[in-house]
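The values are calculated or read from the model by the stated rules, or taken from the named source; none is laboratory data. Model, not experiment: these values are computed from the prediction. Ideal geometry is used to build each Cβ from the backbone, glycine not excepted, and the neighbour counts take in all protein chains shown. These area figures cover heavy atoms from the full protein model, side chains too; ligands, DNA and RNA do not enter into them. Shrake-Rupley method; radii C 1.70, N 1.55, O 1.52, S 1.80 Å.
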Amino acid sequence: METLVNTAIEFTAEGYLKNMDQWTPELARELAAKEGITLTDKHFEVLNWLREKQKEGVQLSMRKVGASGIVDIKQLYALFPGGPLKISSKLAGIPKPASCV
Amino acid sequence: MKKILILGAGTAGSMMANKLYKALNPELWKITIVDKDENHYYQPGYLFIPFGVYQPEDVVKPKKDFLPKGVNFVISEVAKIKPENNQVILRDGSLLQYDVLVVATGTVPVPEETEGLKGELWYKDIFDFYTFEGTTALAKKLETWEGGNLVINLAETIIKCPVAPLEFAFLADAYFEEKGMRDKVNITYVTPNSGAFTKPKATAMLNQLLEEKNITVIPDFYLMQVDNARKVLVSYDEKEVPFDLLVSVPVNKGDKAIINSNLGDEDGLGFIPTDKYTLQSKQFENMFIIGDATNVPASKAGSVAHFEAEILIENILSYINGQPLEAKFDGHANCFIETGHGKATLIDFNYDTEPLPGKFPFAGVGPMGLLKVNRANHMGKLAFKWVYWHMLITGKHIPISTHMSMAGKITD
């Protein structure tokens, strides 16, 4: 947690990175630890895919991650239990998946 | 003579046909619009049909009444789009050639995407309300339903009009209360999102509505399967929600023709990769996409299609004049949200700005309250039906800024 405290990285009230360019793999590992997740290569494949799609301006959904060829939806749940898209977005440094209100 | 072809004569396609007809010289440009259905449906009205506020006939009119006489209206299903050859093939095999293509083929609910959703209980105890058939069948069901667990479920996060299921829950609460049977109905809102509301200000201002109306919210529930025999929803992480009456918002996909032509996003949902600012196809420079058919991160809603149309007409004119596409869509959406008992709230937002509280300036009408629940917003929602038929789809000017304005909004 030390690095988080000592850097100028800004988060939203719900813990999402405000600027996705401040993301680093180390930061992802630290945030994952808070969620009780140890990141593997598979996790990082998902996170990198999410970051790439976010940059392309694509609206993300669980179904889309499931069609990415990296994981299916069940595997996504196994990697990020509870709320997979929410948690993976947080760890990928991209905005919270949200509806319009 | 050059040719503009519009696929889809719904809200977005009809607006574009009217705007293009007005803007282009008919001696130089021939405009053709194709749709499989001769009827135009006022889709925002579907929400009100189950509760008897609107009758089915209130929401249907012939499409031809809203298209300019000089536009060639073809009633047919589109079989395939061949952008490499600038061609569209219709169901009967006939071929349409174009110089500029506008794709406004919308989105459709596809209950078949979810195991058991369109099973033996479909239109018996399970209904959608985003189709004319679904909403009219549900209206009949509610007339005689004696109560139990009413579950409203979103099968997916990317859906047309994401506020409509919430409005349905609010209107259902009021409907059963007015029928004197609210104590016999449990209303549960089951969503794959992190809550019924997901944006900070909207959550702060509106979340208490759910509590007041005694609507239970089950968040982070991603539907895998509907078990018809046991009447339960099952999520991917094996949570279960029992229902007596399920009002479902199935997975939304793009038109079949988009999927069959391999023009959709790589996820197979059939939404077309579109530049989120110019609305030009990311693949073909003479192809433009508008409304629910795009993959842009904006709401799939009529107001979005309207603001997009204002941008797209400029960009198509620039394109055919060989100029750069300078008009930029900002993701603007503007929606009334019915909250029941003759009241509603209003949201106004874009790609970068979440719905904020404050006042929404409305020329000629006066300011409307943003994120406030009041009667004026409900009157606005009802008045919109007239605006839709008489102004919106025929492309007339509506006094709301195309780009979202911060005027009246409270940022802190």
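Where Lys and Arg each count +1 and Asp and Glu each count -1, what net charge lies around residue B:340 among other residues with Cβ under 9 Å from its Cβ?
Values: positive: B:213, B:343; negative: B:167, B:173, B:177, B:338.
Around residue B:340, the charge tally is -2.
Of B:295, B:207, B:377, which has the largest mean-square fluctuation in a 10 Å C-alpha GNM of chain B?
Looking only at B:295, B:207, B:377, the biggest GNM fluctuation is shown by B:207.
List the lysines whose Cα sits under 23 Å from the Cα of residue B:124, skipping any in the same chain fewer than 8 residues away.
Correct list for residue B:124: B:140, B:141, B:179, B:184, B:231.
Going through the stretch B:210-244, which trypsin sites (Lys or Arg not before Pro) have at most 12 other Cβ atoms within 10 Å and a DSSP loop state? Intermediate values should be presented prior to the final figure.
Numbers: sites: B:213, B:230, B:231, B:239; in loops: B:213, B:230, B:231, B:239.
Qualifying residues, ordered by number: B:230.
Lys and Arg at +1, Asp and Glu at -1: add these up for the other residues within a Cβ distance under 9 Å of residue B:3 and post the number. It would help to have the intermediate numbers written out before the result.
Numbers: positive: B:2, B:30; negative: B:99.
Local net charge: +1.
If we sort B:343-350, B:94-101 on the protection proxy, mean other Cβ atoms within 10 Å, highest first, what's the order?
Packing proxy ranking, top to bottom: B:343-350, B:94-101.
Using θ = phi - 60° and the Karplus form 6.51 cos²θ - 1.76 cosθ + 1.60, what ³J(HN,Hα) does each residue of the stretch A:80-93 get, whole Hz, x for Gly and Pro?
10, x, x, x, x, 5, 4, 5, 5, 5, 4, 6, 7, x
Can you tell which of B:48, B:75, B:366 lies farthest toward the positive end of the dipole of the protein assembly as shown, using +1 and -1 charges on the Cβ of basic and acidic side chains (Lys, Arg; Asp, Glu)?
B:366
Compute the accessible area of each residue in the stretch B:272-312 twice, once for its chain alone and once with every protein chain present, using a 1.4 Å probe on heavy atoms, and list those whose area falls by at least 30 Å².
Residues passing the criterion (a loss of at least 30 Å², heavy atoms only) are B:282, B:295, B:297.
Return the average number of partner chain Cβ atoms within 10 angstrom of each residue Cβ along peptide A:90-99.
Numbers: counts 0, 0, 0, 0, 0, 1, 5, 6, 11, 19.
Average neighbour count from other chains, rounded to a whole number: 4.
Rounded, prolate or oblate: which one fits the stretch B:92-157, using the alpha carbon gyration tensor with axes a ≥ b ≥ c (rounded when a/c is under 1.5, else prolate when a/b beats b/c, else oblate)? Kindly include the intermediate steps, with their values, before the conclusion.
On the way: a/c = 2.83, a/b = 2.48, b/c = 1.14.
Taking the square roots of the gyration eigenvalues as a ≥ b ≥ c, the stretch B:92-157 is prolate.
What is the percent carbon and sulfur in the accessible area of the stretch B:111-251, measuring with a 1.4 Å probe over the protein chains and ignoring ligands?
That fraction is 47 percent.
Restricting to DSSP loop positions (anything but H, G, I, E, B) with no more than 13 other Cβ atoms inside 10 Å of their own Cβ, which GluC sites (Glu not before Pro) remain in the stretch B:292-353?
On the way: sites: B:308, B:310, B:314, B:326, B:338; in loops: B:326.
The qualifying sites are B:326.
Among B:284-290, A:89-95, A:64-70, how do they line up by average Cβ neighbours within 10 Å per residue, starting with the highest?
Values: B:284-290: 21.7, A:89-95: 23.4, A:64-70: 18.3.
Most protected by this proxy first, the peptides run A:89-95, B:284-290, A:64-70.
In whole angstrom, how long is each semi-axis of the equivalent ellipsoid of chain B, when you take the square root of 5 times every eigenvalue of its Cα gyration tensor and sort them from largest down? Write out the running numbers ahead of the final one.
Details: eigenvalues 252, 125, 76 Å².
Working through the eigenvalues yields semi-axes of 35, 25, 20 Å.
Would you be so kind as to identify which of A:98, A:40, A:12 lies farthest towards the positive end of the dipole of chain A, taking Lys and Arg as +1 and Asp and Glu as -1 on Cβ and the Cα centre as origin?
Result: A:98, furthest along the dipole toward the positive end.
Search the structure for amide H atoms under 5 Å from the amide H of residue B:217, placed 1.01 Å from N in the peptide plane, and list their residues when 5 or more places away or on another chain.
The list, which skips near neighbours in sequence, is B:189.
Which residue fluctuates most in the GNM of chain B (Cα springs below 10 Å): B:296, B:365, B:241?
The residue that fluctuates most here is B:365.
If one computes the Cα centroid of the stretch A:29-59 and of the stretch B:285-299, what distance in Å separates the two points?
The distance from the Cα centre of the stretch A:29-59 to that of the stretch B:285-299 comes to 27 Å.
Taking θ = phi - 60°, what integer Hz values does the Karplus form 6.51 cos²θ - 1.76 cosθ + 1.60 yield along the stretch B:278-291, in sequence order, with x for Gly and Pro?
After applying 6.51 cos²θ - 1.76 cosθ + 1.60, I find 8, 6, 7, 4, 6, 9, 10, 6, 9, 10, 10, 10, 9, x Hz.
Which is farthest toward the positive dipole end of chain B among B:180, B:150, B:289, measuring Cα position about the Cα centre, with Cβ charges +1 (Lys, Arg) and -1 (Asp, Glu)?
The listed residue farthest towards the positive side: B:289.
Using a/c under 1.5 as the rounded threshold, could you call the stretch B:114-199 rounded, prolate or oblate? The axes a ≥ b ≥ c are square roots of the C-alpha gyration tensor eigenvalues, and prolate needs a/b larger than b/c, oblate otherwise. Working shown, then result.
On the way: a/c = 1.71, a/b = 1.17, b/c = 1.47.
Note, shape of the stretch B:114-199 comes out oblate.
I need the chymotrypsin sites (Phe, Trp or Tyr not before Pro) found in the stretch A:22-101, filtered to DSSP loop residues with at most 13 other beta carbons within 10 Å of theirs. Numbers along the way, then the final one.
Details: sites: A:23, A:44, A:49, A:77; in loops: A:23.
Here no loop site has a sparse enough neighbourhood.
Can you tell me the orientation of helix A:41-55 relative to chain A, as the angle in degrees between its alpha-carbon axis and the longest Cα principal axis, to the nearest 10?
That helix lies at roughly 90 degrees to the long axis.
Rounded to the nearest 20 Debye, what is the dipole magnitude of chain B about its Cα centre when Lys and Arg each give +1 and Asp and Glu each give -1 at the C-beta?
Working: 41 positive and 51 negative charges, 256 e Å.
Once rounded to the nearest 20, the dipole reads 1240 debye.
In Å², nearest 100, what accessible area do chains B and A bury in total when the solvent probe is 1.4 Å?
On the way: alone 17540 and 6150 Å², together 21070 Å².
Answer for the B-A pair: about 2600 Å² buried.
Once you've got the GNM for chain A with C-alpha springs shorter than 10 Å, pick whichever of A:14, A:52, A:35 has the biggest mean-square fluctuation.
Result for chain A, Cα springs under 10 Å: A:14 fluctuates most.
Averaged over its residues, how many other protein chain Cβ atoms are within 10 Å of peptide B:146-153's Cβ atoms? Could the numbers behind the result be given before it?
On the way: counts 0, 0, 0, 0, 0, 0, 0, 0.
Mean partner-chain Cβ count within 10 Å for B:146-153: 0.
Please work out the C-alpha center-to-center distance from the stretch B:359-412 to the stretch B:29-48 and express it in whole Å.
Between the Cα centre of the stretch B:359-412 and that of the stretch B:29-48, the gap is 23 Å.
Order B:177, B:38 by their accessible area, 1.4 angstrom probe, all chains in place, largest first.
Values: B:177 95, B:38 115 Å².
Descending accessible area places them as B:38, B:177.
Could you give the size of the charge dipole of the stretch B:111-251 about its Cα centre, using +1 on the Cβ of each K and R and -1 on the Cβ of each D and E, expressed in debye and rounded to the nearest 20? Walk me through the intermediate numbers first.
Details: 14 positive and 23 negative charges, 59 e Å.
Here the size comes out at about 280 debye.
Rounded to the nearest 20 Debye, what is the dipole magnitude of the stretch A:2-92 about its Cα centre when Lys and Arg each give +1 and Asp and Glu each give -1 at the C-beta?
Details: 12 positive and 12 negative charges, 77 e Å.
Charge dipole, the stretch A:2-92, about its Cα centre: 380 debye, nearest 20.
Does the stretch A:2-92 classify as rounded, prolate or oblate by the C-alpha gyration tensor (a ≥ b ≥ c root eigenvalues; a/c under 1.5 gives rounded; else a/b over b/c gives prolate, otherwise oblate)?
On the way: a/c = 1.94, a/b = 1.43, b/c = 1.35.
Note, shape of the stretch A:2-92 comes out prolate.
Starting from the residue with the highest accessible area, list B:151, B:74, B:108 in decreasing order, probe 1.4 Å. Please list the in-between numbers first.
Details: B:151 0, B:74 35, B:108 65 Å².
Descending order: B:108, B:74, B:151.
Heavy-atom accessible area per residue, the protein assembly as shown, 1.4 Å probe: how many Å²? Each step should come with its number before you reach the end.
Details: 21070 Å² over 513 residues.
Accessible surface, normalised per residue, equals 41 Å².
In a shell of Cβ-Cβ distance under 13 Å around residue B:359, excluding residue B:359 itself, what net charge do Lys and Arg (+1) and Asp and Glu (-1) give? Don't skip to the answer; put the middle values down first.
On the way: positive: B:372, B:409; negative: B:348.
My count for the surroundings of residue B:359 gives +1.
On a 1.4 Å probe surface of the protein chains, which of B:335, B:161 comes out largest in accessible area, and what is the full order?
Working: B:335 15, B:161 40 Å².
Reading off the accessible areas and sorting them downward yields B:161, B:335.
Calculate the mean, over all residues of peptide A:50-60, of how many other protein chain Cβ atoms lie within 10 angstrom of the residue's Cβ. Before the final figure, lay out each step's value.
Values: counts 0, 0, 0, 3, 1, 0, 5, 11, 9, 12, 4.
Mean shielding by partner chains, rounded to a whole number: 4.
Which far-off residues, 5 or more places away or on another chain, put their amide H under 5 Å from the one on residue B:40, with H placed in the peptide plane?
B:61, B:63
Say the cut-off is 27 Å between C-alpha atoms; which of B:19/B:201; B:256/B:385; A:64/B:30; B:19/B:328; B:63/B:282 go over it? The partial results should precede the final answer.
Values: B:19/B:201 36 Å; B:256/B:385 29 Å; A:64/B:30 38 Å; B:19/B:328 17 Å; B:63/B:282 30 Å.
With Cα atoms farther than 27 Å apart: B:19/B:201; B:256/B:385; A:64/B:30; B:63/B:282.
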